[in-house]
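Participant: Please read through the structure below; I'll follow up with questions.
Where a number appears in this text, it was derived from the coordinates with a stated rule and is not lab data. All of these numbers come straight from a predicted model, not from anything done at the bench. Using ideal geometry, Cβ is built from the backbone for each residue, glycine included, and neighbour counts are taken over all protein chains shown.
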Amino acid sequence: MCPEVNTGDFVVPGERLGTIEEFLPGIGTYEENGYIYASTYGMVLIDKVKKTISVISPVVHYNLIPKPGSMVIGKVTQIQNQLVFIDILKVNGRRLNTPFTGVIHVSMIDKNYTKTPFDAYKPGDIVRARVVNSRTIPLQLTTVGSHFGTILAYCSLCGTRLERLRRGLVCPKCGNKEKRKLASDYGMALNTASARGE
């Protein structure tokens, strides 16, 4: 007998996949009256060596709505006279399928006075922030505190990843020095690929 589905097929809960004579029920399946059924929606995975059939559900975080106090990671998309706009990519360490938009007012960048957001952030920076108000869109964020701020940045001149100096950042390729509001673990929190969402 052949299975009723193939690896890669999309199935829904209750859909018949095959019989226990052919396969052992794996993740995302159940057995009833000698037949194996999908217990969740997702893609079929048949392991011919182990003789198992599974259904792998996609990882989807629909209800990750940031709340006050949530820690978020995002990418700076735009800077205005008093505001920094951020696409929020992660909430409390969990990646979002669709980013939220957040905004940091110049008064919420650092405990020390910041004259302009351009002194603290640049478009493309990866920033860790905390949600202070989620009742409005864009969400209101803050980077006050040593744990918050830029965790990864790239040279404004050549695009190379910036390295930390005692004060500020330097480009190892062209020598350009730049200033940011840095998180205490700048450069250690994310690697380049994951930060860029690659």
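Participant: Please list the non-local residues whose amide H lies under 5 Å from the amide H of His147, H modeled 1.01 Å from N, same-chain partners needing a gap of 5 or more.
Facilitator: Ser184
Participant: In nm, give the distance between the simple-model label positions of Asn6 and Asn176, each being 7 Å from the Cα along the Cα-to-Cβ direction.
Facilitator: For Asn6 paired with Asn176, the spin-label model returns 5.0 nm.
Participant: Relative to the Cα centre, what is the charge dipole magnitude of the chain, using +1 at the beta carbon of each Lys and Arg, -1 at the beta carbon of each Asp and Glu, and rounding to the nearest 20 debye?
Facilitator: I would put it at about 1600 debye.
Participant: Could you go through segment 152-168 in sequence order and give the Karplus-derived ³J(HN,Hα) for each residue, using 6.51 cos²θ - 1.76 cosθ + 1.60 with θ = phi - 60°, rounded to whole Hz, and x for Gly and Pro?
Facilitator: 7, 9, 10, 4, 5, 8, 10, x, 6, 4, 7, 9, 7, 9, 4, 10, x
Participant: Additional query: Pull up all non-local amide H partners of Thr52: gap of 5 or more, or a different chain, and H-to-H distance under 5 Å with H placed in the peptide plane.
Facilitator: Leu24, Asp47
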